[in-house]
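Colleague: My questions will all concern the structure given below.
Values quoted throughout were computed directly from the atomic coordinates according to the rules given, and no laboratory measurement underlies them. Keep in mind that what you see is a predicted model, and the values were worked out from it rather than measured. Positions of Cβ are generated from backbone atoms using ideal geometry, with glycine treated the same way; all protein chains shown enter the neighbour counts.
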Amino acid sequence: MSDYRDGSRRRMTLLTCAALLVLALSALAGDVPARSAAELSPQARLAKQVRHELVMLPFYSVFDSLEFAIDGSDTVVLSGQVVRPTLKSSAENVLRRVEGVGKVVNNIEVLPLSPFDDRLRLATYYAIYSRPGLDRYALQAIPPIHIIVKNGNITLIGVVGSEFDKNVAGIVARGVPLAFSVENHLQVERRS
């Protein structure tokens, strides 16, 4: 059992290092076209800053889903599901300090503590992110397929590159033993 955990830790460390390397190389290469702050509307600028703050939270993981909406000009409404109660409060606290945010409504659900759900999360993670074709998503700084497990029920949330990837992720998740149900809410990335 100890060898299995050590191997798992090594793989996760390698995946994390690879993701950081890809992120650093893409930043150096200038792959991501950046719009200047002057080109964005105040609400779009606020949305961009809120999104940035949420994805930078230290304990935000592939097992959490954080969503937000901007109501009016300065109210941020948070929703989603998280595994750790501290992530819920951290999300609210970090957004209160963002310039332009007047009020934060925190509707984030904290998922129940369950060793069974924890095992199901890990099994689903390994099933999806070790699958050839889907393994490339694990190399991103923030893997886009989020695995939400509540009371033995799996929900996939996020954005993938193709309808094929969406379907494969759903099929793979349905193959995870002991899952009561699987809902596939993955969206296909729009290409312009």
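Colleague: Using the beta-carbon distance between residue 70 and residue 188 and R0 = 25 Å, what value does 1/(1 + (r/R0)^6) give for FRET efficiency, to the nearest 0.05?
Modeller: Numbers: r = 24 Å, r/R0 = 0.98.
The pair residue 70/residue 188 has a calculated efficiency of 0.55.
Colleague: Taking Cα pairs under 8 Å and at least six residues apart, what relative contact order does segment 113-188 come out at, in percent?
Modeller: On the way: 109 pairs, mean separation 24.2, N = 76.
For segment 113-188, the relative contact order is 32 percent.
Colleague: Now for a different question. Give me a comma-separated list of calculated 3J(HN,Hα) values for segment 101-112, in order, Karplus coefficients 6.51, -1.76, 1.60 applied at θ = phi - 60°, integers in Hz, x for any Gly or Pro.
Modeller: Couplings: 8, x, 9, 10, 9, 9, 9, 6, 8, 8, 5, x Hz.
Colleague: Rounded to the nearest 5, what % of DSSP beta bridges with both residues in segment 49-192 are antiparallel? All intermediate terms of the calculation are to be shown ahead of the outcome.
Modeller: Values: 13 of 27 bridges.
Antiparallel: roughly 50 percent of the beta bridges in segment 49-192.
Colleague: A follow-up question, please. Order of 121, 97 from fewest to most other C-beta atoms within 10 Å?
Modeller: Ranking 121, 97 by Cβ neighbours within 10 Å, fewest first, gives 97, 121.
Colleague: Quick check: the distance between the Cα centres of segment 62-76 and segment 140-183, to the nearest angstrom?
Modeller: If you average the Cα positions of each part, the centres end up 22 Å apart.
Colleague: Okay, moving on. For residue 152, what residues show an amide H to amide H distance below 5 Å, using hydrogens built from the backbone and excluding near sequence neighbours?
Modeller: Residues meeting the criterion, in which the H sits 1.01 Å from N, do not exist here.
Colleague: Give me 53, 189, 163 ranked fewest to most by other Cβ atoms within 10 Å of their Cβ, as a rough exposure proxy.
Modeller: Working: 53 18, 189 13, 163 10.
Ordered by Cβ neighbours within 10 Å, fewest first: 163, 189, 53.
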